[in-house]
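The values are calculated or read from the model by the stated rules, or taken from the named source; none is laboratory data. In this text, all values refer to a predicted model and were calculated from it rather than measured experimentally. Positions of Cβ are generated from backbone atoms using ideal geometry, with glycine treated the same way; all protein chains shown enter the neighbour counts. Just so you know, the surface numbers come from the protein's heavy atoms only, side chains and all, with ligands and any DNA or RNA stripped out. Shrake-Rupley method; radii C 1.70, N 1.55, O 1.52, S 1.80 Å.
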Amino acid sequence: MATYLMNLILNWDQKIYQKRTMQAVRIAMKQTLPILAIDVYLRLIFKLFFSPDSLFANVFNVHLSFFHSIANPTQSQFALSILDTIVVMVYVTSLTHSFLTVRNVKHVIVPILTNVVATYFLLVEKYQIPDHSTMQYLLLTGVTLFSSQSYNWYQKRMNPNVQPYAIRYLLWSGFIIMLCVSAHPIVQQSNIQIWLSEILYQPFFTSFIGLLLVALLTPILFVLGLRLPTELMSDQTTLNVVVLNLDTMLSHANVLLPFPENLYSTYGAFSLFGGIGNSLVISILLLFAHSKRHRQLGLISWFPSLFNNNQLLYNGLPMFLRPLILVPMILVSIMSITISYLTIALHLMAPPVFMTPVGMPTILTPTLASNSHLSAIIVTIIIFGLSILIYKPFIKQLTMEELNEK
Amino acid sequence: MKNKIILGISLVFLIILGIYGNHWVTQTSTNQAKIQNSRMTPIIFIPGSSATINRFDQLFSLLNETPPAHSVLKVQVDRNGKLTYIGNINANDQQPFIVVGFENNDDGYNNIKKQTKWLTTALTSLQERYHFKTFSAVGHSNGGLIWTNYLEKYYDRQTFNLPTLMTLGTPFNFSEPSLQQRTEMLKDFIQASDKLPPDLTMFSIAGTDDYTNDGLVPIQSVIAGRYIYQKRIKAYTQITVSGDNAQHSNLPDNPEIVKLIQTNIINPLNAQNK
């Protein structure tokens, strides 16, 4: 049964990624990896040492005048935003190039420039340039592919002797850019991120069914490449029920909490080790993979994953629209939430309730935020171990698949 | 082998981070518990431009004529943000008066922005020392502008709870007598008014010496505050006092204003503490 299911998922995965369009996406994601690695590591260094609430300063109580003399936080933040934009633009460029060259389109400069400008105007927010942390792969990929396909179609209908910068191509370019400028308000207003964020404040998400729903839907939305609210990515401490729990704990230390099982105490503390779906486990498994490329990916993604950033894994594997990643991710999320919910409900562990320093590895959250350190460590180890067991066959298939391709 | 070394180093690193992180969590939650359980609800005063931290001394004497007596603490912020504390808060005083004054007490919008930053520094330090969350605020003249700028740009409802603000002769449109001519500051305040706390009760007191101004600030400039606060907060009340003691510099000592502070700020906070 397990083999049948695995084969089914594998076939599904191969069908999606064997399509020429998805091959172009895979190439673009991999080509974006070097610039993304620079971006991710610089962000990590900023978060650990230079930001006003840096982890290093908070935890070790070190004054940052030395670090601030090297890099002004505001200027550094701005520089990182520009780097984020470059990452987005490299992805768009690479995707357009891969998509069109496979289709024997020779002159790709006009469509590349068009897509770069169009996606910039589509994603740019008021006073904010689009940054990679808020990037929406589904939208970005969809727009780039639509534009590239329209160029391909248009170009095939033109006289091959027409020069690449002819007025007709410039008109096409202007049309695509105008289309994106017109779609900009719709994209900005129909923000699934804000809608989801508002929904998560409902008390329904303190029930087991509500939490299971989050465990099921979050990996799906993540693998689909949708922009998610911070409550699902990293920080649940602003949710009403979490604040109420903390207030109760601070006012009456030994009283029962009003909402012991909530998004922070189960989902946030036990299913975000290294990012959505405990993806820190993927980095570990990649470290011991057969292929050199995957071992390297495991190595470069390890430290960012430790500090809850799985962007390198997202592009490097890639995770985007990948059934081989989606299925174990859902299983891990459900398993993590079920175990943490039960241990809290059965009073085997005190629920995580305290705030931890910004940027702290999530794997430490249960231990630090709970009053019962030992049981929190044991539950963390059990969930981490089970996550390895769940991911292992899928990651093995994924790495084997690429070896076979070679 | 290399991977095992990386994992080993990471494990050691996590243990060290965990030990220090645990210390941070314990310290922070202890501090938060003190703030949460604190019954101290100070009233924080900010003087206007050119005035010193002694600006409210006469007002405090008048207020302390009615028991219980309130201790007075003055905080002077220098140009580098360094704080000097003068006076102290009695151990059993739940409603002390705190004055925050600035070494650089010059007039002007740019200076108000600087003073707001210094105010934030002072409030953080005061909370660390006295562990309070709830306080009420009074601002005389430009002091009201500093509070407004603070509420729009720096106030965090998770950290502080400010139920009542009273401004005395605050020129929300500087010396501009016409509401049609809006200064850059007023425009900024109106634009950011959605950031004001919705549970705030605000009293804007104007003085009239000759029905057009209080000798310094045009009454229309004080009234301009309604464009910032009205319909953005829980309650906005505009009160005008007139007569001999209604000149701009006399406003804090005006008997009507002393009564207003007693009734609208001190008594509600007292009731809350009981």
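A:Q296 meets all of the listed conditions (1) more than 14 Å from every other protein chain (Cβ to nearest Cβ); (2) surrounded by fewer than 19 Cβ atoms within 10 Å (Cβ to Cβ); (3) part of a helix (DSSP H, G or I) but one, namely (1). Just one of (1) open to solvent by 60 Å² or more (accessible area, probe 1.4 Å); (2) at pLDDT 80 or above fails for A:I194. It is (2). Give the residues of the range A:380-403 that are open to solvent by less than 50 Å² (accessible area, probe 1.4 Å) and not charged (D, E, K, R), sorted by residue number. Once the filter is applied, which keeps residues that are open to solvent by less than 50 Å² (accessible area, probe 1.4 Å) and not charged (D, E, K, R), the range A:380-403 yields A:T380, A:I383, A:F384, A:G385, A:S387, A:I388, A:I390, A:Y391, A:F394, A:I395, A:L398, A:T399. Would you check if there is a residue in the range B:22-34 being away from chain A (no Cβ under 14 Å), in contact with a Phe, Trp or Tyr (Cβ under 8 Å, 6 or more places away or on another chain) and open to solvent by 10 Å² or more (accessible area, probe 1.4 Å)? Within the range B:22-34, not a single residue is away from chain A (no Cβ under 14 Å), in contact with a Phe, Trp or Tyr (Cβ under 8 Å, 6 or more places away or on another chain) and open to solvent by 10 Å² or more (accessible area, probe 1.4 Å).
Have a look at A:S251, A:S291 and point out the one that is surrounded by fewer than 20 Cβ atoms within 10 Å (Cβ to Cβ) and within 13 Å of chain B (Cβ to nearest Cβ). That would be A:S251, the only listed residue that is surrounded by fewer than 20 Cβ atoms within 10 Å (Cβ to Cβ) and within 13 Å of chain B (Cβ to nearest Cβ). No other residue among A:N11, A:N58 is part of a helix (DSSP H, G or I) and open to solvent by 70 Å² or more (accessible area, probe 1.4 Å) apart from A:N11. Within the range A:217-254, the set of residues being hydrophobic (A, V, I, L, M, F, W, C) and either within 23 Å of B:S38 (Cα to Cα) or touching a Pro at 6+ places or on another chain (Cβ under 6 Å) (or both) comprises A:V241, A:V242, A:V243, A:L244, A:L246, A:M249, A:L250, A:A253. So, in the range B:94-118, how many residues would count as being outside any helix (DSSP H, G or I) and open to solvent by 20 Å² or more (accessible area, probe 1.4 Å)? Of the residues in the range B:94-118, 6 are outside any helix (DSSP H, G or I) and open to solvent by 20 Å² or more (accessible area, probe 1.4 Å). Is it the case that some residue within the range A:41-49 is at pLDDT 85 or above, in a helix (DSSP H, G or I), open to solvent by 70 Å² or more (accessible area, probe 1.4 Å) and closer than 19 Å to A:Y169 by Cα? No. Within the range B:179-229, the residues that satisfy the criterion of being under 19 Å from the mean Cα position of the chain (by Cα), at pLDDT 90 or above and not in a helix (DSSP H, G or I) are B:A192, B:L196, B:P197, B:P198, B:D199, B:L200, B:T201, B:M202, B:F203, B:S204, B:I205. Checked against (1) in contact with a strand residue (DSSP E or B) (Cβ under 9 Å, 6 or more places away or on another chain); (2) modelled with pLDDT under 90, B:W118 meets all criteria but (2). Residues that are in a helix (DSSP H, G or I), more than 22 Å from the chain's Cα centre (by Cα) and at pLDDT below 90 within the range A:103-125 comprise just one, A:F121. Of all residues in the range A:319-328, one or more are farther than 24 Å from A:V92 by Cα, open to solvent by less than 10 Å² (accessible area, probe 1.4 Å) and modelled with pLDDT of 95 or more. Residues satisfying the criterion are present in the range A:185-199 (criterion: of a type in the set (A, V, I, L, M), free of Cβ contacts under 8 Å to residues at least 12 places away in the same chain and not in a loop (DSSP other than H, G, I, E, B)). For the range A:223-238, the tally of residues that are more than 12 Å from chain B (Cβ to nearest Cβ) and either open to solvent by 30 Å² or more (accessible area, probe 1.4 Å) or farther than 24 Å from A:Y314 by Cβ (or both) stands at 6. Residues in the range B:141-178 that are acidic (D, E) and under 15 Å from the mean Cα position of the chain (by Cα): B:E152, B:D156. For the range B:119-140, taking the residues that are outside any helix (DSSP H, G or I) and within 22 Å of B:S49 (Cα to Cα), the one that is nearest to the chain's Cα centre (by Cα) is identified as B:A137. The single condition among (1) open to solvent by 50 Å² or more (accessible area, probe 1.4 Å); (2) within 14 Å of chain A (Cβ to nearest Cβ); (3) of a type in the set (V, I, T) that B:T52 does not satisfy is (2). For the range B:132-159, the candidate set comprises residues that are surrounded by fewer than 21 Cβ atoms within 10 Å (Cβ to Cβ) and aromatic (F, W, Y); within that set, the residue that is nearest to B:P96 (Cα to Cα) is B:Y155.
Scanning the range B:1-21 for residues that are modelled with pLDDT of 90 or more and open to solvent by 40 Å² or more (accessible area, probe 1.4 Å) gives B:I5, B:L7, B:I9, B:L11, B:V12, B:F13, B:I15, B:I16, B:I19, B:Y20.
Does the range B:35-49 hold any residues that are within 24 Å of A:T356 (Cα to Cα), more than 7 Å from chain A (Cβ to nearest Cβ) and open to solvent by 30 Å² or more (accessible area, probe 1.4 Å), and which are they? Matches in the range B:35-49: B:S38 only. Would you call A:I377 assigned by TED's automatic domain parsing to the domain that holds A:P258, surrounded by fewer than 23 Cβ atoms within 10 Å (Cβ to Cβ), among the β-branched types (V, I, T) and under 20 Å from A:Y264 (Cα atoms)? So A:I377 passes the test. Among the conditions (1) touching a residue at least 40 places away in the same chain (Cβ under 8 Å); (2) of a type outside the set (S, T, Y); (3) crowded, with 23+ Cβ neighbours inside 10 Å, the only one that A:N310 does not satisfy is (1). Could we say that A:Q155 is part of a helix (DSSP H, G or I), surrounded by 12 or more Cβ atoms within 10 Å (Cβ to Cβ) and modelled with pLDDT of 90 or more here? Taking the combined requirement at face value, the residue does not satisfy it. Could you please find all residues in the range A:255-284 being out of contact with any Pro (no Cβ under 7 Å at 6 or more places or on another chain), outside any loop (DSSP other than H, G, I, E, B) and either within 11 Å of chain B (Cβ to nearest Cβ) or of a type in the set (A, V, I, L, M, F, W, C) (or both)? Those that are out of contact with any Pro (no Cβ under 7 Å at 6 or more places or on another chain), outside any loop (DSSP other than H, G, I, E, B) and either within 11 Å of chain B (Cβ to nearest Cβ) or of a type in the set (A, V, I, L, M, F, W, C) (or both): A:L263, A:L280, A:V281, A:I282, A:S283, A:I284. The helices (runs of 4 or more DSSP H) falling completely within the range A:299-370 that include 3 or more residues that are more than 12 Å from chain B (Cβ to nearest Cβ) and of a type in the set (S, T, N, Q) map to A:323-345.
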